[in-house]
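What follows is a set of notes on a single structure, which appears directly below.
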Amino acid sequence: MAYENLPIAELGRQLRAGEVTSKALTEDALTRIAAIDPKINAFITLTADSALADAAAADAAFAQGIDHGPMQGIPHALKDIYDTAGIRTTCHSKLREHNVPATDSVVAAKFKAQGAVMLGKLSTHEFALGGPSFDLPFPPARNPWNTDHIPGGSSSGSGAAVAAGLVRMAMGSDTGGSIRGPAAYCGTIGLKPTYGLVSRRGIFPLSFALDHAGPLAWTVEDAAIAMEVITGYDPRDPGSADVPTPDFRGKLHDSVKGLRIGVPRHFFAGAPGLSLEVLAAFDAAVDTLKQLGAIVEDIELPDYDIFSFCGRVIMLCEAFAIHEQDFRSRPLDFGLLTYLRMTMGAFITAADLTQAHRTRRQLSEAVTTRLASYDALICATALAPAAAFADMQPAASNWPMQTMPFNVTGHPALAIPTGFSATGLPLGMQIVGRAFDEGTVLRIGAAFEAATKLHEKRPIL
Amino acid sequence: MSADPNEAALALEFDVFAKRAGLAIAADRVELVYAGFKEMRRMLELLRQPRTAANEPAGFLDMRSVNRGL
């Protein structure tokens, strides 16, 4: 079987058994990137030389019986807002086109310490918000299932690279859905962990209160392995949570029989722009979970718009505050979409922001209370399949993602494919869990994945 | 801010906020930014709801988190 179709755990087994080398995996990935990436623009910077050096180091470690963990020798890539020492970190922006950090982000350092092989830096929407755009120094990533369509964002290169089989796992970030959105559009797994579980230090911020770092991966198990590497308390990230590390793989293959799953159907049923294909695939997913023995019931939460507006107000205020000086001194260096979205933060009052923070607390409590009687929630991720680039409107006010609620509340949320549209584009849902209970979220995802086997289908490029 | 401003009041509010933020919006971007502003204005109204003392936001500031990295 081709390497891109082997799970990270199986690649790890073969590496440790001497059946394959990290060098071979890395060379194979670089060959695929050379052939495929010009069609999807997932990579901004390819670090082939250092990747081959990393692979050689991993192989030498294996030969000496040194085992740093499950990502040793495994190729991966990082969204280009993660600082990487000596490797440029552009945020897909003219403003940071030549920025070369001196130190690694915590996440990059953790992968490096495991002996993982970093292939390069991946496309994003500019500063993780503006995009997809053609007025930036680098082209936008494209959807591997149909390159005329967007891959979602802002972790667009991460979603595209994983779906195209360039890597099994790539890191993204999620402030309003930027992991789960591209995961939904590209048909991958995407995990936004509980707020505070993964350090954001060294990742360029979009909104301090809402930023989360997490993996996009081809399977639930691949994502769980990445989480094992990157999770950990960081006293120098003020949002970091000092909690025991969750057990990500311990219950991965347990049955979901008897688990109670709530469906806030009012979030998406009747929402403007809801695709009937998304709804049908979601209902089929509910049936699958019921067949697996889960108890699935509709529930009520506060109105979706309250979650969405609350999150957007906080995000836009913080984003504008971060970039305020550049908006004054060099506004035309931002892409148009970034400018249009981020300058909205200038029009929000302190009272509005305070009300948003008060609302946030209410909403987080409401979801936590619901999750006292349910093991998880499921709801739509995107309301429709990925749009075509040609149909994108710069001033569109209707966001077709329903991901913001769990940035606001901080609960873990896993995007997972539910099927395909008639035109062959992926459809998906999200599984939401109790704070720091990623184990249950991943367990439900793994059971659903095993039942549907949607990961066995790859885009043809 | 008026809860239900007319178009002229909205335009004035937009202008004041932009100037206060030091934004010199390029002429070819004004219409798009203004459209976003009007949508934002609608959004903000929904968050301006009566609240109780229980809905206070200080929970996100934890002195242990402020001090622990020092």
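Derivation of every value follows stated rules applied to the coordinates shown; laboratory data play no part. Keep in mind the model is a prediction, meaning the values are calculated, not measured. All Cβ positions, even for glycine, are placed from backbone atoms using ideal geometry, and neighbour counts span all protein chains on display.
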Quiz item: Considering only the protein assembly as shown, what is the antiparallel percent among its DSSP beta bridges, to the nearest 5?
Solution: 75
Practice problem: Throw me the Rg/Rh for region A:304-375, computed over C-alpha atoms with Kirkwood Rh, two decimals. | Solution: 1.14
Self-check item: Eligible lysines near residue A:23 by straight Cα distance, threshold 20 Å, same-chain separation 8 or greater
Solution: A:112, A:121
Quiz item: Rounded if a/c is under 1.5, else prolate if a/b beats b/c, else oblate: with a ≥ b ≥ c from the C-alpha gyration tensor eigenvalues square-rooted, which is region A:409-456?
Solution: oblate
Quiz item: Measuring from label point to label point, each 7 Å out along Cα→Cβ, what is the residue A:373 to residue A:13 span in nm?
Solution: 4.3
Quiz item: Across peptide B:43-54, what mean number of C-beta atoms from other chains lies inside 10 Å of a residue's C-beta?
Solution: 6
Exercise. Measure off 7 Å from each Cα along the Cα-to-Cβ vector at residue A:100 and residue B:39, then give the distance between these two points in nanometres to one decimal.
Key: 4.0
Quiz item: How about residue A:192: which lysines have a C-alpha closer than 16 Å to its C-alpha, ignoring those fewer than 8 places off in the same chain?
Solution: A:79
Quiz prompt | Size of electric dipole in the protein assembly as shown: Cβ of Lys, Arg +1 and of Asp, Glu -1, about Cα centre, debye, nearest 20 | solution = 440
Quiz item: Using 1/(1 + (r/R0)^6) with R0 = 56 angstrom and r between the beta carbons of residue A:228 and residue A:423, what's the FRET efficiency to the nearest 0.05?
Solution: 0.95
Exercise. Can you pull the one-decimal nm distance between simple spin-label points at residue A:298 and residue A:349, each 7 Å off the Cα toward Cβ?
Key: 3.9
Quiz item: For region A:366-380, list residues with backbone N below 19 Å from a point placed 7 Å from the Cα of residue A:266 toward its Cβ?
Solution: A:366-374, A:377-380
Quiz item: chain A: longest stretch without exposed trypsin sites (Lys or Arg not before Pro) (DSSP loop, at most 10 other Cβ within 10 Å), sites themselves excluded?
Solution: A:1-256
Quiz item: Is there a simple number for the mean count of other chain Cβ atoms within 10 Å of the Cβ of residues in A:232-243, and what is it?
Solution: 3
Quiz item: Hey, what do the phi angles of region A:50-61 turn into as Karplus ³J(HN,Hα) couplings, whole Hz, using 6.51/-1.76/1.60 and θ = phi - 60°, x for Gly and Pro?
Solution: 5, 5, 5, 5, 4, 5, 4, 5, 5, 5, 5, 5
Exercise. As a check on your grasp of the helix formula, calculate [θ] at 222 nm for chain A: sum -39500 (n - 2.57) over DSSP H runs of n ≥ 4, divide by the residue count, round to the nearest 500.
Key: -11500 deg cm²/dmol
Quiz item: For residue A:198, which sequence-distant residues (separation of 5 or more, or a different chain) have an amide H within less than 5 Å of its own amide H, given hydrogens modelled in the peptide plane?
Solution: A:213
Practice problem: Starting at the first residue of region B:10-27, write each ³J(HN,Hα) from the Karplus equation 6.51 cos²θ - 1.76 cosθ + 1.60 with θ = phi - 60°, in whole Hz, x for Gly and Pro. | Solution: 4, 4, 5, 4, 4, 5, 5, 5, 4, 5, 4, 7, x, 8, 9, 6, 4, 4
Exercise. State whether region A:170-234 is rounded, prolate or oblate according to the following rule on the C-alpha gyration tensor (a ≥ b ≥ c being the square roots of its eigenvalues): a/c under 1.5 gives rounded; otherwise a/b larger than b/c gives prolate, and the remaining case gives oblate.
Key: oblate
Self-check item: FRET efficiency for residue A:67 and residue A:31, using Cβ-Cβ distance with R0 set to 22 Å, rounded to 0.05
Solution: 0.25
Quiz item: Which percent of the Cα-Cα distances in region A:1-112 go past 15 Å?
Solution: 67
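At 20 °C and a viscosity of 1.002 mPa s, what translational diffusion coefficient does Stokes-Einstein give for region A:38-86, taking Rh as the Kirkwood radius over Cα pairs? Give it in µm²/s as a whole number.
Translational D for this selection: 169 µm²/s.
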Exercise. Read phi for every residue in region A:170-177 and hand back ³J(HN,Hα) as whole Hz from Karplus 6.51 cos²θ - 1.76 cosθ + 1.60, θ = phi - 60°, with x for Gly and Pro.
Key: 9, 8, x, 9, 9, 10, x, x
Practice problem: Calculate the length of the line joining the C-alpha centroid of region A:288-337 to that of region A:161-238, in whole Å. | Solution: 16
Quiz item: What does region A:194-300 give for Rg and for Dmax, in Å, if only its C-alpha atoms count?
Solution: 17.5, 46
Quiz prompt | For region A:314-461: rounded, prolate or oblate by the Cα gyration tensor [a/c cutoff 1.5] | solution = oblate
Quiz item: How big, on average over all directions, is the shadow cast by the Cα convex hull of chain A, in nm²?
Solution: 19.7
Exercise. Report Rg/Rh for region A:381-461, rounded to two decimals, where Rg is the Cα radius of gyration and Rh the Kirkwood radius.
Key: 1.02
